[in-house]
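K.L.:
This is the structure, below, for whatever I ask next.
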Amino acid sequence: MSTAAYKFKIVMLGDFAVGKTSLVKRFVYDAFDDMYLTTLGVKVTKKEIHIEDNGNRVEVMLLLWDIGGHGRFSEISMNYLKGAGGAIIVSDLSNADTMKHIQDHISLFHEINPGGKFFVALNKADLVDAGKSGSDYIKKYLDHPASCPDDVVFLTSAKTGNNVETLFHTMAVQMMREKQ
Amino acid sequence: MENEEMNAGTGLIRKSTLLDNPVLRHFVKKHRLNDIEALVLGALLELTDQMKTPIKTTYRAIADGVELATMSVYQSIESLHRNRIIEYKPTGDYVHISFGEIDDSIEEINLAYINARKIKRIESDILYMKKQNYVPSADLFDMIYPIIGKLVAKKIADALRSLVNYIDERLDDVLSMKMWKYRVMAFRTKVPLGEIILRESLPFYIDEIFLLDKKSSLLLGHASRNGEEKVDRDLVGGMLAAINDFIKTSFKAEKSSIDEIQFGNSKVMVTEHVYFFGALVAKGSPPLEFDNRIEGVMNDIHILYRRQLKNFSGNMEDVAGIEKPLERLIEDTNRVPGTGANGGRSLGKVKWAAALLACILAVFLTWGMYCRVMNWQLEKRIADHMERSLPAYSHDLVFNVDGKELAVTGTVSSRETAEALMREVKKFPDIQEVDNRAVVADYRSVRRFRTELEGLAEQMTGLQLALVKQELEKIVIQFPTGVMAVDNAQLLQVRRAWEILKQHPRIHIDIIAFNDPAGGVAVNRRLAEGRMAAVKQSFVRLGMSGERIHVTDFDPEILSADPRFTQFRENRGIMMFAKIPH
């Protein structure tokens, strides 16, 4: 069994084909560690990272639940959200519909895990114009942009790896500090 | 030449034995024919069309056919004839050869017929099956059973035999200690004893235990039997939780979680608790009270970690040590009784210790008895010797031997007798130490002293009695008019008397009641008798023996004449008078 000091469950939410699995694969080097049950619609992956906490090096284990699906949440999928310490809501910058659904995913996650930490990964940043920032996109597509502050939004690319490590690392640090 | 012939011949022989001819094989085996004879016989069988047709030929022709020397052929035919396998009759250059009726039952041919019949039956069954599009399972079973039924039955019997042996071995180890436990269990649970024994004896192993947080499905603790896991247990735990959720949600299960998942010989047993659930991966059938054991372990974990698990934050330090009860459960459950396990080992040790102790005790007892017997024999020898050696009527001695030590007690009549005693004792080399406590005493003086002492004792007793009498007569237990019961005032007097009487256990008392004349004799008698009985009862309650208390008859005339009662004429009460019964 792992010797990590902390264990967190993080769920990957988002529409179909936005890059949830790609982000996880990019983040997790050891691909053999993932187990996928297509019938059950969930893939669980594990990654252990070290983070600095007040000068101490702390080992944190992240269990990433990549919930598959077809864009709609089933009752089964919602069960998988329970007990998650955090969520990464992924959208595809090149697909406006997926951007519009970010709010729905945030609401659903908070409904099941009130007080849970979430981050937004605006993925496939390599396909769009580099001139805009994350908050620009949030203001453009979300009805309530205030629900999504700037510090939780990341422009990521699973293809290039841009901001992927930072995203998960930041999430882990935030979750650990919140639990302490 | 001969060798070449042999080599050539054996080459053909090998060829001949490869021929599928059961008759030839039968004769070769039965008559132990050598290779050349077998070759010749094989050739003759061919020539006679398998014994059907007699032939007329020459030795040379046969020899050419089998590539052997003519003489060898001749000798072989002679041998076959002697063994009554063939009939032969030489006529000039020719020889007539025929086979007679064979009386032998050729096993191979019989088997072949039997198999042929079987095959015929199977063939007809298979043909039937081929014609049918659908064969009802019962009919199919009837067709197949003759072929495979025996095989299946044999395999089952072998498996059952192995199981029985296994159970016997297990029971041998634990039977004496646990059988009563099983009986109690059977009585309590109403499950047949045999079933309990079987369940308790069959192997049951826990391979792994997962402890998962109910909310987050994070793995809180894990323990395994052998520690070899190919897949990360955190992931496995997560997937178990996912499966549990899937089942719960998909099938709207009434219970909040699944109980068991079976796969092959293994199963995953899921047990749900308030803040976590446990998943046990196990093999075999669990013992009867295993559910209670699991429940106990889960309860213990809940008690220890309730606060931390209620809102588990992911901090693993909060649940440090949570796997310890799981490891203990695996260790306790997977312990095989009698094979290096504590129960079996300690039982074995107890048996050895008990046996050793019994042996030691037996040795000690035997040694003790032996020594006792030896001592007694020596005592007897010494006593007999002294009887013979010392002057008659000069001693009254007791000898006690304890190993090499002799203790002498009693009396001897004179100092000379005492010295003679010591001299005689030295004649026993077994005695190395003597504790001589024999007293030199003149018997007549002793007798006289004893008599005087007895007289003195009597005088002392008389004196004591007089003193006690005097004291007791001072104690008068008075009663109010018409009252028989002993109250505090009377009890006080009784206690005073008892304090005196308990110092002199030989002294008895007569209790006498006195009354004033009022009321009449009958009334006074009744009152007197009641009071005497009450006083006696009080003495008995204080601890005095009832045999020491003598109740006298109430006689007012004697009382009035007795000067001791003069002063009590107008009173009612009890007086006590001491005596020593003869």
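K.L.:
Could you state how much accessible area is buried at the A-B interface, both sides summed, with a 1.4 Å probe, in Å² to the nearest 100?
P.N.:
2300 Å²
K.L.:
Here's another thing I want to ask about it. Which residue, A:21, A:55, A:101, has the largest displacement toward the positive end of the dipole of chain A when charges sit on each Cβ (Lys, Arg +1; Asp, Glu -1)?
P.N.:
The residue sitting farthest along the positive end of the dipole is A:21.
K.L.:
Show which lysines lie in cross-link reach of residue B:502 when reach means a straight Cα distance below 29 angstrom and same-chain residues fewer than eight apart are skipped.
P.N.:
B:469, B:474, B:536, B:579
K.L.:
Just to be sure I understand the curve: with the Debye formula and one point per C-alpha of region B:528-582, what is log10 I(q)/I(0) at q = 0.12, 0.14 Å⁻¹?
P.N.:
For region B:528-582 at q = 0.12, 0.14 Å⁻¹, log10 I(q)/I(0) is -0.33, -0.44.
K.L.:
Given B:527, B:539, B:571, which one lies farthest toward the positive end of the charge dipole of region B:455-582, if we put +1 on the Cβ of every Lys and Arg and -1 on the Cβ of every Asp and Glu?
P.N.:
The residue sitting most towards the positive pole is B:539.
K.L.:
For the residue pair residue B:82 and residue B:162, what label-to-label distance in nm results when each label sits 7 Å from Cα along the Cα-to-beta-carbon direction?
P.N.:
5.5 nm
K.L.:
Separate question: Treating only the Cβ atoms of Lys and Arg (+1) and Asp and Glu (-1) as charged, compute the dipole magnitude of region B:349-423 about its Cα centre; round to the nearest 20 debye.
P.N.:
It comes to approximately 540 debye.
K.L.:
So for chain A, averaging the separation of alpha carbon pairs under 8 Å that are six or more residues apart and normalising by length, what relative contact order in percent results?
P.N.:
25 percent
K.L.:
Compute the accessible area of each residue in region A:145-180 twice, once for its chain alone and once with every protein chain present, using a 1.4 Å probe on heavy atoms, and list those whose area falls by at least 10 Å².
P.N.:
Going by heavy-atom accessible area, the residues of region A:145-180 that drop by at least 10 Å² are A:179.
K.L.:
Excluding ligands, DNA and RNA, what is the solvent-accessible area per residue of region A:83-180 at a probe of 1.4 Å, expressed in Å²?
P.N.:
Ligands and nucleic acids excluded, the result is 45 Å² per residue.
K.L.:
Looking at region B:365-420 from every direction and averaging, what is the projected area of its Cα convex hull in nm²?
P.N.:
3.9 nm²
K.L.:
Here is a further query. Roll a 1.4 Å probe over the protein chains and send me the accessible area per residue for region B:518-582 in Å².
P.N.:
On a per-residue basis, region B:518-582 sits at 56 Å².
K.L.:
What size of dipole, in debye to the nearest 20, comes out for region A:49-180 about its Cα centre when the only charges are +1 on Lys and Arg C-beta atoms and -1 on Asp and Glu C-beta atoms?
P.N.:
Roughly 60 debye, rounded to the nearest 20.
K.L.:
On a 30 Å Cα-Cα criterion, which of the cross-link pairs A:20/A:140; A:25/A:132; B:181/B:214; A:7/A:124; A:159/A:179; A:159/B:310 come out too long?
P.N.:
Pairs exceeding the cut-off: B:181/B:214; A:159/A:179; A:159/B:310.
K.L.:
Starting from the Cα of residue B:52, draw a straight line to each of the lysines and keep only those under 29 Å, dropping any in the same chain fewer than 8 residues away.
P.N.:
B:15, B:29, B:30, B:89, B:118, B:120
K.L.:
Work out which helices of chain A, taken as complete DSSP H runs, extend at least 15 Å along their axis over the Cα atoms and score a mean Kyte-Doolittle of 0.0 or more, then list them.
P.N.:
A:102-112
K.L.:
Give me Rg over Rh for region B:490-581, both radii from the alpha carbons and Rh done the Kirkwood way, two decimal places.
P.N.:
Value, to two decimals: 0.97.
K.L.:
Please give the per residue accessible area of region B:267-309, computed with a probe of 1.4 Å over protein heavy atoms only, in Å².
P.N.:
Ligands and nucleic acids excluded, the result is 44 Å² per residue.
K.L.:
Then there's this: On the principal axes of its Cα set, how long, how wide and how thick is region B:426-544? Give whole Å, largest value first.
P.N.:
Cα extents, longest axis first: 87, 31, 22 Å.
K.L.:
On to the next question. To the nearest whole number, what is the average tally of beta carbon atoms from other chains within 10 Å of the beta carbons of peptide B:303-313?
P.N.:
1
K.L.:
Run a plain Debye calculation on chain A (Cα atoms as equal point scatterers, no solvent) and give log10 I(q)/I(0) at q = 0.12, 0.14 Å⁻¹, rounded to two decimals, same order as the q list.
P.N.:
-0.52, -0.72
K.L.:
Sequence gap at least 6, Cα distance under 8 Å: using those rules, report the relative contact order of region B:57-106 to the nearest whole percent.
P.N.:
That works out to 31 percent.
K.L.:
When the accessible area of region B:392-443 is split by element with a 1.4 Å probe, what percent falls to carbon and sulfur?
P.N.:
That fraction is 48 percent.
The values are calculated or read from the model by the stated rules, or taken from the named source; none is laboratory data. Keep in mind that what you see is a predicted model, and the values were worked out from it rather than measured. When we count neighbours, we look across all protein chains shown, and the Cβ atoms used for this are built from the backbone with ideal geometry, even at glycine. Quick note on the areas: whole protein, heavy atoms, side chains included, nothing else; ligands and nucleic acids left out. Shrake-Rupley method; radii C 1.70, N 1.55, O 1.52, S 1.80 Å.
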